[in-house]
């Protein structure tokens, strides 16, 4: 079971291999943008990513170690979608801003994302799929 921290760490590693440096990497439970990465282009590109895990990371919770159900996954995708839209709505002077959602690569996560894929493309939201192996596959309408 992939925790949110597993997803965050794997995506940061992947972004570094793509020439980004990590400006911010939040731990589970911290508020704000989970990942902010930047790349020295003209203008500078900043990538904001909201990450979700496959199970609860709180050892005392009823979901700890158990996969989230389809309703919980829909809520996570909806929250991530809202976060992407919120970041795109901010003022970012002199910076090229890109957004992404990082999720475990499961059948249910893919099914939920597939239902809103056309809108994600229109809003230029990248999806970072984390495999159980730790590899990250990027599906993006922009060159990462």
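The values are calculated or read from the model by the stated rules, or taken from the named source; none is laboratory data. As the structure is a prediction and not an experimental result, all values here were calculated from the model. Note that each Cβ is placed from the backbone with ideal geometry, even for glycine, and that neighbours are counted across all protein chains shown.
Scanning the stretch 99-108 for residues that are part of a loop (DSSP other than H, G, I, E, B) and surrounded by fewer than 13 Cβ atoms within 10 Å (Cβ to Cβ) gives no hits.
Count of the stretch 2-54 residues, restricted to those that are crowded, with 16+ Cβ neighbours inside 10 Å, part of a loop (DSSP other than H, G, I, E, B) and out of contact with any helix residue (DSSP H, G or I) (no Cβ under 9 Å at 6 or more places or on another chain), is 1.
Considering every residue within the stretch 57-72, establish whether at least one is under 18 Å from residue 136 (Cα atoms) and touching a residue at least 12 places away in the same chain (Cβ under 8 Å). No, the conditions are met nowhere in the stretch 57-72. Would you say residue 79 is within 25 Å of residue 15 (Cα to Cα) and in contact with a strand residue (DSSP E or B) (Cβ under 7 Å, 6 or more places away or on another chain)? Considered against the rule, which asks whether it is within 25 Å of residue 15 (Cα to Cα) and in contact with a strand residue (DSSP E or B) (Cβ under 7 Å, 6 or more places away or on another chain), residue 79 comes out as no. When the stretch 61-84 is limited to residues that are part of a loop (DSSP other than H, G, I, E, B) and closer than 15 Å to residue 104 by Cα, the one that is modelled with the lowest pLDDT turns out to be 65. Here is a check on your reading of the model: is residue 142 assigned to a loop (DSSP other than H, G, I, E, B), out of contact with any helix residue (DSSP H, G or I) (no Cβ under 6 Å at 6 or more places or on another chain) and surrounded by 13 or more Cβ atoms within 10 Å (Cβ to Cβ)? Answer is yes for this residue. Filtering the stretch 121-139 for residues that are out of contact with any helix residue (DSSP H, G or I) (no Cβ under 7 Å at 6 or more places or on another chain) and part of a helix (DSSP H, G or I) leaves a non-empty set. Cβ separations smaller than 7 Å between residues 6+ apart or across chains give the following pairs from the stretch 120-139 residues that are loosely packed, with under 12 Cβ neighbours inside 10 Å to residues that are assigned to a strand (DSSP E or B): 137/129. In the stretch 85-98, the qualifying residues are those that are touching a residue at least 40 places away in the same chain (Cβ under 8 Å) and in a loop (DSSP other than H, G, I, E, B), and the one that is surrounded by the fewest Cβ atoms within 10 Å (Cβ to Cβ) is 94.
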